[in-house]
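Chemist: I'd like to ask you about the structure that follows.
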């Protein structure tokens, strides 16, 4: 896969106000970045912050508590601009589509908790140790340039809004990907 199929540059940023007629920001593909990931691409990804927005609910991936977030499950919540809703994608190895996903608040990474391998197992944050339960593949959804699946290398399951819940506080879990919109995510650059 060529890196330009994975990387997207956001031209607009989110409004912090709740607006029922709000449209998602427009995205464009960047100039050709070549076949190989290198330090400049690593720097490009790791210096940017993103909101990971559910395509289903238009809510952000959210770390629910600001303190004591060791082994903390994540949830979806209306975007409010806090660092607990901002994430950095740090490339892992030479694959242009595999990342550790670092929460700006708390210095922890997205983690399949307890090394779970079953549908419905919790996803949260934990200090980085390098295990595949902390490595995620970002893949564009077929027919889309700006909507992605985020899949654990450990379990080969995708991030999923539990029970297609639209409410603030709904849990994020892993589930075998079956093409549902609650398993699809948009990355919105906020810095």
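The values are calculated or read from the model by the stated rules, or taken from the named source; none is laboratory data. Worth saying up front: this structure is predicted, and the values here are computed from it rather than measured. All Cβ positions, even for glycine, are placed from backbone atoms using ideal geometry, and neighbour counts span all protein chains on display.
Chemist: Could you list all residues from region 89-127 that are at negative phi and in contact with a helix residue (DSSP H, G or I) (Cβ under 6 Å, 6 or more places away or on another chain)?
Modeler: Once the filter is applied, which keeps residues that are at negative phi and in contact with a helix residue (DSSP H, G or I) (Cβ under 6 Å, 6 or more places away or on another chain), region 89-127 yields 89, 90, 91, 96, 100, 104, 105, 109, 111, 112, 122, 124.
Chemist: Within region 51-69, take every residue that is at pLDDT below 95 and in contact with a strand residue (DSSP E or B) (Cβ under 7 Å, 6 or more places away or on another chain) and give me the one that is nearest to residue 190 (Cα to Cα).
Modeler: Of everything passing the filter in region 51-69, 63 is nearest to residue 190 (Cα to Cα).
Chemist: Out of the strands (runs of 3 or more DSSP E) lying entirely within region 90-191, which hold 2 or more residues that are surrounded by fewer than 18 Cβ atoms within 10 Å (Cβ to Cβ)?
Modeler: Qualifying strands (runs of 3 or more DSSP E): 136-140.
Chemist: Which number in (1) surrounded by fewer than 20 Cβ atoms within 10 Å (Cβ to Cβ); (2) at pLDDT 95 or above marks the one condition that residue 46 misses?
Modeler: Condition not satisfied by residue 46: (2).
Chemist: In addition: Run residue 75 past the list (1) out of contact with any helix residue (DSSP H, G or I) (no Cβ under 7 Å at 6 or more places or on another chain); (2) buried (at least 17 other Cβ atoms within 10 Å of the Cβ); (3) closer than 24 Å to residue 145 by Cβ; (4) at pLDDT 95 or above and report the number of the one that doesn't hold.
Modeler: (3)
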